[in-house]
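Trainee: One structure coming up, written as structure tokens, with questions to follow.
The values are calculated or read from the model by the stated rules, or taken from the named source; none is laboratory data. Worth saying up front: this structure is predicted, and the values here are computed from it rather than measured. Backbone-built Cβ (ideal geometry, glycine too); neighbour counts: all protein chains shown. Surface accessibility is based on the protein's heavy atoms, side chains included, excluding ligands, DNA and RNA. Shrake-Rupley method; radii C 1.70, N 1.55, O 1.52, S 1.80 Å.
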Amino acid sequence: MLLRDKRLHYSVVRNFWVRLGSYVLVTVITIVNVWPERRSTAFVATLAPVLLGWAVLSFVHAARSKDSRAAEIRNTMVDAGFAAFCSAVHSFDPWPMVAFALPSFTTNLRVGGARRCLLGLALSVAVAGITAWAIGIPPLPPPDALTTVLSIFFLVVMMCAPAVAMRQQDRVVRQRTRALNEALERLEIASQHKSQFLANMSHELRTPLNVIIGFTESLLEEDPREEQADLLNRILRSSRHLLALINDLLDLAKIEAGKMELVLDTVSVQALVEDVVSAVGPQMEKNANRLTVDCAPGLGTIRVDPTRVRQALLNLASNAAKFTENGAITLSAARDGAWITLAVSDTGIGMTAEQTARLFQDFVQADPSTTRKYGGTGLGLAISRRFCRMMGGDILVESEAGKGSTFTIRLPAS
């Protein structure tokens, strides 16, 4: 049923009842004023179905529109025209005129704002003038008692109706707000349980993999045959890859659960860079990339969690090696005022501005197609940025599609 459609703007249903009641009373007042003088029986017979039909038609129009609020604003413009027309027909009798115009103008003000209210007023003046010119304005008769009583009753109803409607609307808003808060609490509890589970399962998940890696390395040291060595190397690579994925998930879970603790230490910036260079060397050779290291002299030391900084910088260098083929990669370190900057630049595939905007979201990669071609979970950059922010820094990115990217780690120098 259209009246219960939750997708409708709240003003559509409210204005339907206000409009229907208004036009019923307009018809009654018109009959009281016109019928005794038998001025136009045909006019009265025509006006009633037109007004009541418009009340239903306007609601159906708004209910079936893509934007029900915009459709209702257009409907209120028609209401303003009807109010002006009826006021002119009643020879601008003050009580009926105010009774007809008030619902139209208050509805315009509530739904469309002051601008729409002024537009409705201008339209009403124009329609009233045209109607008065077309039918002529007869002398103003003194309002009879019944017309006055009905008009006053009509005004009271129209003044009370918005208050009742707003009260109902507030009740609906409170109910929906309460439901959303309850759903949010359930989601937060579920997220906490998930994070706590993964954080507590750290030992249980890592231990079997470390055993597999240890036994595989021991077998490789015993000089196996070529075919066996190939199989053992595959096991070792897959195990290390799986361990890296588990480490990323556990790190993310610990951060979300508030259990990630940094171990701060004073380390040499030059030594951090050298460690990453030695670790990323094989990946550079795999895609025939040229690695250039540019460390400014006199960088000194920095107080950070060296494991997490090394992890973040290695992630950036590994990504550069993965997304660049037969290109150049530069790893640089410098001091920028109160900051130490560690930058990784490449001449790889690059990214668009849209891809860069969602780059640091959890489980999101710049382009879904890269997952199939290059692999990855979309967690490395998100975790690296969180680590840097926990240490008072950040990771910045500049990229251009087809030309390459530059990722910069900024950390406080002291």
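Trainee: Only one of these conditions is not met by Thr371: (1) assigned to a helix (DSSP H, G or I); (2) open to solvent by 30 Å² or more (accessible area, probe 1.4 Å); (3) modelled with pLDDT of 90 or more. Which number is it?
Mentor: All conditions pass for Thr371, except number (3).
Trainee: Do we find a residue being open to solvent by 70 Å² or more (accessible area, probe 1.4 Å) and either in contact with a Gly (Cβ under 9 Å, 6 or more places away or on another chain) or closer than 20 Å to Gln311 by Cβ (or both) anywhere in region 207-225?
Mentor: Yes, because at least one residue in region 207-225 is open to solvent by 70 Å² or more (accessible area, probe 1.4 Å) and either in contact with a Gly (Cβ under 9 Å, 6 or more places away or on another chain) or closer than 20 Å to Gln311 by Cβ (or both).
Every residue, every condition in (1) open to solvent by 40 Å² or more (accessible area, probe 1.4 Å); (2) part of a helix (DSSP H, G or I); (3) modelled with pLDDT of 75 or more, yes or no:
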position	(1), (2), (3)
Asn33	no, yes, no
Pro36	yes, yes, no
Val44	no, yes, no
Pro49	yes, yes, no
Ser58	no, yes, yes
Ser65	no, no, yes
Ala70	no, yes, yes
Asn75	no, yes, yes
Ala83	no, yes, no
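Trainee: Another question, then. Would you be able to tell me the number of residues in region 213-233 that are of a type outside the set (S, T, N, Q) and in contact (Cβ under 8 Å) with a residue 12 or more places away in the chain?
Mentor: Residues flagged as of a type outside the set (S, T, N, Q) and in contact (Cβ under 8 Å) with a residue 12 or more places away in the chain within region 213-233 amount to 5.
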